[in-house]
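Student: The following block contains the structure, expressed as structure tokens.
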Amino acid sequence: MDVKAIRELFPILNQEVNGHPLVYLDSAATSQKPLPVIEALDEYYRQYNSNVHRGVHTLGTKATDGYEGAREKVRKFINASSTEEIIFTRGTTTSINTVAVSYGRANVHEGDEIVITYMEHHSNIIPWQQLAKQTGATLKYIPLQEDGTISLDDVRNTVTPKTKIVSMMHVSNVLGTINPIKEVTKIAHENGAIMVVDGAQSTPHMKVDVQDLDCDFYTFSGHKMCAPTGIGILYGKKHLLEQMEPVEFGGEMIDFVGLYESTWKELPWKFEGGTPIIAGAIGLGAAIDFLEEIGLEAIKEHEHRLAAYALEKMSTIDGITIYGPKEADKRAGLVTFNIADVHPHDVATVLDTEGIAVRAGHHCAQPLMKWLNVSATARASFYLYNSEEDIDKLVEALIKTKEYFSDVF
């Protein structure tokens, strides 16, 4: 990968922060946007801004073609069998909530089980907590190994014939752990449960094939994969989506409306009530074109190299604790860490004075923080526009941070 050429396509990276060239290491929170995506949004708003589906005029037709064309791009991107299985949503959180409310309330009952892990993002915990409270089901957690991975034996011991839903993140936004989704899905199906996957941290960084994984639902957000904010995807197997009721009601999702009864459009539109996220979908389509031109395998290999390099360099810093698998091939392109006696918020603040953007806090994963026995951590996350030079600057700044706080205290 020609990282230098790729960086030139991201205007935001060509700036100084606090007198230093920006080093952006927070792509796990949100990625930056390349010119092709920015230009696609600009073209839509300048040249054919219009509502979709109902208009027969030229602008409406072009907007509909762009919106539905993006759906086909998503279908191919994750290898879904039909565009009927691709629902546009506001993001991963909305997608998971849709499954929990629509599928969950109809199929989970008192005495049933819902199974997740300790590493989940809050958006893959709270919907299941609420569903368990509303139905009388039991929420169970698959334990973690010492290195932050899961054991398939523990999965088999946790998932039972009472389990109705297993939900798990493909890649941990804290540990970087890459979970064995295909194998877990098989165990879920053997017990009569469905498999829901949080793909927010995997889809931008590796090739995803939902048919090969055989998961029942797969969710992800556009803003972590070079697309605009406010657009995401719920993939669901067609036969399951057909059985489910919409969760939002209004325009666009209806077939016929009477005074006391109404009927719904066919898939996928019955889940897309109201004016949809047209510009976001078109931007997502442009982001998919951009990522596929570079190649998901090339991006994955690049990030693995960066993760290995970061683990090697950061491990030389005295007093640093790195969380998650120690082997780069078991993790995605992020490193979460703490420096002894320095709060992660202070670490992030000092790094910012050096122009380095990292994330600090609980990363919407408080149960995992408790499991790690910490209140917060710092996280550096990498993407296709990062380089070894960025990591060198990070390491140099971390050493300065450690020395600064050593002198202060």
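The values are calculated or read from the model by the stated rules, or taken from the named source; none is laboratory data. These numbers come from a predicted model, not from an experiment. Note: ideal-geometry Cβ built from the backbone for every residue, glycine included; neighbour counts use all protein chains shown.
Student: Within segment 292-380, which strands (runs of 3 or more DSSP E) (wholly inside it) include 2 or more residues that are basic (Lys, Arg), closer than 15 Å to THR401 by Cβ and in the same structural domain as ILE150 (by TED's automatic domain parsing)?
Tutor: Details: elements: 320-323, 334-339, 359-361.
In segment 292-380, there are no strands (runs of 3 or more DSSP E) which contain 2 or more residues that are basic (Lys, Arg), closer than 15 Å to THR401 by Cβ and in the same structural domain as ILE150 (by TED's automatic domain parsing).
Student: Are any of the residues in segment 32-40 of a type in the set (A, V, I, L, M, F, W, C), closer than 15 Å to MET225 by Cα and in a loop (DSSP other than H, G, I, E, B)?
Tutor: no
Student: Tell me, which residue of segment 268-285 that is in contact with a Leu (Cβ under 8 Å, 6 or more places away or on another chain) and among the hydrophobic types (A, V, I, L, M, F, W, C) is surrounded by the most Cβ atoms within 10 Å (Cβ to Cβ)? Show your work before the answer.
Tutor: Step one: of segment 268-285, the residues in contact with a Leu (Cβ under 8 Å, 6 or more places away or on another chain) are 268, 271, 279, 282-283.
Within this subset, residues satisfying the condition of being among the hydrophobic types (A, V, I, L, M, F, W, C) are 271, 279, 282.
Details: PHE271: 23, ALA279: 20, ILE282: 27.
Checked segment 268-285; the qualifying residue surrounded by the most Cβ atoms within 10 Å (Cβ to Cβ) is ILE282.
Student: Looking at segment 116-175, which of the residues that are of a type in the set (Gly, Ala, Ser) and part of a helix (DSSP H, G or I) is nearest to HIS363 (Cα to Cα)?
Tutor: Applying the first criterion (of a type in the set (Gly, Ala, Ser)) to segment 116-175 yields 123, 132, 136-137, 148, 151, 167, 172.
Of the ones still in play, those that are also part of a helix (DSSP H, G or I) are 123, 132.
On the way: SER123: 11, ALA132: 24 Å.
So, considering only residues that are of a type in the set (Gly, Ala, Ser) and part of a helix (DSSP H, G or I), the one nearest to HIS363 (Cα to Cα) is SER123.
Student: Still on this structure, I have one more. Which residue, of LEU41, LEU59, is modelled with pLDDT of 95 or more and either within 21 Å of GLU292 (Cβ to Cβ) or not assigned by TED's automatic domain parsing to the domain that holds GLY192 (or both)? Full working, then the answer.
Tutor: Working: LEU59 fails: either within 21 Å of GLU292 (Cβ to Cβ) or not assigned by TED's automatic domain parsing to the domain that holds GLY192 (or both).
Unique residue meeting the criteria: LEU41.
Student: So, in segment 238-257, exactly how many residues are surrounded by 15 or more Cβ atoms within 10 Å (Cβ to Cβ) and in a helix (DSSP H, G or I)?
Tutor: 2
Student: Can you go through ALA63, ALA80, ALA70 and tell me which one is part of a loop (DSSP other than H, G, I, E, B) and either in contact with a Gly (Cβ under 6 Å, 6 or more places away or on another chain) or crowded, with 17+ Cβ neighbours inside 10 Å (or both)? Explain how you work it out, then say what you get.
Tutor: On the way: ALA63 fails: part of a loop (DSSP other than H, G, I, E, B); ALA70 fails: part of a loop (DSSP other than H, G, I, E, B).
One residue alone meets the criteria, ALA80.
Student: I'd like the full set of residues that are surrounded by 15 or more Cβ atoms within 10 Å (Cβ to Cβ), farther than 19 Å from GLY333 by Cβ and either in contact with a Cys (Cβ under 8 Å, 6 or more places away or on another chain) or not assigned by TED's automatic domain parsing to the domain that holds TYR385 (or both), limited to segment 1-38.
Tutor: PRO36, VAL37, ILE38
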